[in-house]
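S.K.: Here's a structure for you.
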Amino acid sequence: MKVLVLGAGQLARMMSLASTHLGIDVLAYDVGSKQVINPVTFEVKPTTLEQAVEQSYAITAEFEHIPEDVLSICQQSGKFFPGAESIAIGGDRSKEKALLDNAKVPCAPYALITEKQAFIDAIDELGLPLVIKTCQAGYDGKGQWRLKTSDEAEQIWSEMNRFLDAGTDTAPHSIIAEKMIPFDREVSIIGVRTKDGQCKVYPLTENQHTNGVLTLSIAGKEKAAIQTQAESAFEKLAAELNYVGVLAIEFFDVGGQLLVNEIAPRVHNSGHWTQQGAHTSQFENHMRAITGLPIGSTELVRPTAMVNVLGQPNIPQSVLTVPDCTSHWYGKDPKPGRKMGHINVSAGSLHQLGEKLAELADILPEEDYPGVASTSHTLILN
């Protein structure tokens, strides 16, 4: 059985590695080079996109910013899951907000901005401070502003206006302004939905970000009430989209009330812990769902932490001296801030997980791996 993944990065690589034992052969389409490649060996295949679509049993995507002509070819095949609509919504915050409103899933109060008067009105209606985000082409903290005082408005507007002017009649640009709401922490849910509407959801994950990029995730801390909120949001959004595959939803936890920050129509960085912390990883379950195979258990096997490796030339081999620690390297050229790999570490309890993170903190420099030491202390004390 052949599956084609749009995008040829680490997520395609991990989907391939997770599904080989199921008899699934994965190829990836690199939208930049327009080549079909093996996402593990990077071997270029003498195959066009159209040929790869024809030969595939199912097609999926590892990221949202895919050219419309590529989405159209894949959608017309009838094999594309979760489908062009879901991918387009994940890549456009204005469409994402409309989805949340239609599904009656709560998020922060917001306003859509396409011109200066709408920006002025947003300041008046929502008040300051505001978080301002481009609707298109924003990810990992890029394309965002913080408007804290009215004195900053003109300067920020000039930058916003450049983005709006870069849009075209066929691909207009827009911006979302959100009321800045103090939150206790950031969490995410990863769930999977089958073609016949069956849903399974992984435990809620607590996430830490540095400069807008995920650096650390912890699974195994959550209680039933907040988990139920997250599962309800997943089921509503997945049903609204008639979704097939893995869907990730990021939330702000505001005093026990979850507000959606954004959604990702794909396997997600905050779900990498499932490789060692769940019986069936998010990668395998995504491939099972899109090919019509029964989906596996999403229950937590043991508390697990995921540490992102950002911009580093390698993962220190000494991390493997920590019991129940695994190293995942993506094989990319190092660049500052680039996701190069991740480290998963598991334990029998949260206290023991804290002890193992403390061992990792002795190996990993704080400036390169922020939050590992402080999280270890928190888990040990709790």
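The values are calculated or read from the model by the stated rules, or taken from the named source; none is laboratory data. Because the structure is predicted, anything quoted here is derived from the model rather than measured. Neighbour counts run over all protein chains shown; Cβ positions are idealised from the backbone, glycine included.
S.K.: A238 versus (1) part of a helix (DSSP H, G or I); (2) more than 18 Å from the chain's Cα centre (by Cα): which is the lone unmet condition?
M.R.: (2)
S.K.: Where in the stretch 1-59 are there strands (runs of 3 or more DSSP E), lying fully within it, with 2 or more residues that are over 23 Å from the mean Cα position of the chain (by Cα)?
M.R.: Correct list: 35-37.
S.K.: If you don't mind, there's one more thing I want to ask. Going by the conditions given, is K179 within 18 Å of V246 (Cβ to Cβ) and touching a Phe, Trp or Tyr at 6+ places or on another chain (Cβ under 9 Å)?
M.R.: So K179 does not fit the description; no.
S.K.: Let me ask something else. Of (1) touching a residue at least 12 places away in the same chain (Cβ under 8 Å); (2) under 28 Å from V372 (Cα atoms); (3) surrounded by fewer than 17 Cβ atoms within 10 Å (Cβ to Cβ), V187 satisfies all except one. Which?
M.R.: All conditions are met except number (3).
S.K.: Would you be able to tell me the number of residues in the stretch 55-87 that are in contact with a strand residue (DSSP E or B) (Cβ under 7 Å, 6 or more places away or on another chain) and under 17 Å from L247 (Cβ atoms)?
M.R.: Summing the residues that are in contact with a strand residue (DSSP E or B) (Cβ under 7 Å, 6 or more places away or on another chain) and under 17 Å from L247 (Cβ atoms) in the stretch 55-87 gives 10.
S.K.: Ok, one more. Which one of these does S327 not meet: (1) part of a strand (DSSP E or B); (2) small (G, A, S); (3) in contact (Cβ under 8 Å) with a residue 40 or more places away in the chain?
M.R.: (3)
S.K.: Taking the stretch 289-324, which residues are assigned to a helix (DSSP H, G or I), surrounded by fewer than 19 Cβ atoms within 10 Å (Cβ to Cβ) and hydroxyl-bearing (S, T, Y)?
M.R.: If the condition is that a residue be assigned to a helix (DSSP H, G or I), surrounded by fewer than 19 Cβ atoms within 10 Å (Cβ to Cβ) and hydroxyl-bearing (S, T, Y), then S318, T321 are the ones that fit.
S.K.: Answer yes or no as to whether Q276 is surrounded by fewer than 22 Cβ atoms within 10 Å (Cβ to Cβ) and either of a type in the set (A, V, I, L, M) or assigned to a helix (DSSP H, G or I) (or both).
M.R.: Yes.
S.K.: If you scan the stretch 205-215, which residues turn out to be assigned to a strand (DSSP E or B) and surrounded by fewer than 23 Cβ atoms within 10 Å (Cβ to Cβ)?
M.R.: E206, N207, Q208, H209, T210, V213, T215
S.K.: Which pairs do you get when a residue that is in contact (Cβ under 8 Å) with a residue 60 or more places away in the chain and assigned by TED's automatic domain parsing to the domain that holds T304, found in the stretch 356-369, comes within reach of a residue that is crowded, with 19+ Cβ neighbours inside 10 Å and of a type in the set (G, A, S), reach meaning Cβ atoms under 8 angstrom, with the pair 6+ apart or on two chains?
M.R.: Here the result reads Y369/A361, each pair linking the stretch 356-369 to a residue that is crowded, with 19+ Cβ neighbours inside 10 Å and of a type in the set (G, A, S).
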